[in-house]
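S.K.: Questions regarding the structure given below will be posed in turn.
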Amino acid sequence: MRPIDIAEPGDFEIDPPCSQSSYRERSPTKNMSSKSDKYASFIDHPRYGRRPNVTGLNPNPMHRGVHLHWNTTSHNEIVAQFEAVVGKPWPYGDTTSYTDRPKRIANTAIVADLSRQTPATVPVTHYFDLERKCRDCERPFIFFAKEQKHWYEVLGFGLDSDCVRCVDCRKKLQGIARTREIFETLFHVESKTVEQRLQMADACLFLIESNVFSSRQTERVRRLLNSIPDDADVSERSRHLDRMNRILADERKSSEPSVAPKSRELGQ
Ligand SMILES: [Zn+2]
């Protein structure tokens, strides 16, 4: 059996533990050298920071009554739990490819409120801070125990959901979704005002720059901007120039491969 892959907070600068008095707290270790602070390069979460939140609580998933989220449990632990409960050898083969992604950070657990989770076959009793690598930008980040509690107990997310992107990339995706909505609404407006044409050009450029639309869509932006009358006011003219420059920059990149999975739906 391979050793269980659990990150130890022995090589980073520990922030003061949170002040939840019911937890057995560990004193922050002194003399932690900043050069060994691997979390310095982690993405900073606006609410939770970038370093683990040490609570001193470290429940063992092998103990009865302790159930961790599937994204917090390694293959070896799942196998051992199954064999302890069922009393038979593990029959499902190697699940390492998807169960060994998590890197649980020791001593960062917080207690879950089972009554607030959406019903599941096995509820989760504790959340741990987890080390992650963003699916989009590949930078490291922490999916915080407190954030999980917020997801599963306040926002009502199911326990089958998981966090695979850093906070920056999640915000970017939300921005893309909002911009697509604006674009699609304006797309269906028959006679667009100058302001609406500029807004649509803005949205289209943002979606090209986010690789949602093909760079061929710069032609649409060009048509929109060319339709703006010469006597439009000064601020509109300057926005117009700014966008034309962005078109030129985008067109210079147009020989590069781009991803345009949904641009066809919008009738380019
Ligand atoms: Zn990211």
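S.K.: Please list the non-local residues whose amide H lies under 5 Å from the amide H of I228, H modeled 1.01 Å from N, same-chain partners needing a gap of 5 or more.
M.R.: Those lying under 5 Å, H to H, from I228: there are none.
S.K.: Contour minus end-to-end for V85 and S115, with contour as 0.36 nm per residue of separation and end-to-end as the Cα-Cα distance?
M.R.: Full-extension gain reported as 8.4 nm.
Any read-out appearing in this document is the output of simple, stated calculations on the displayed coordinates, not a laboratory observation. As the structure is a prediction and not an experimental result, all values here were calculated from the model.
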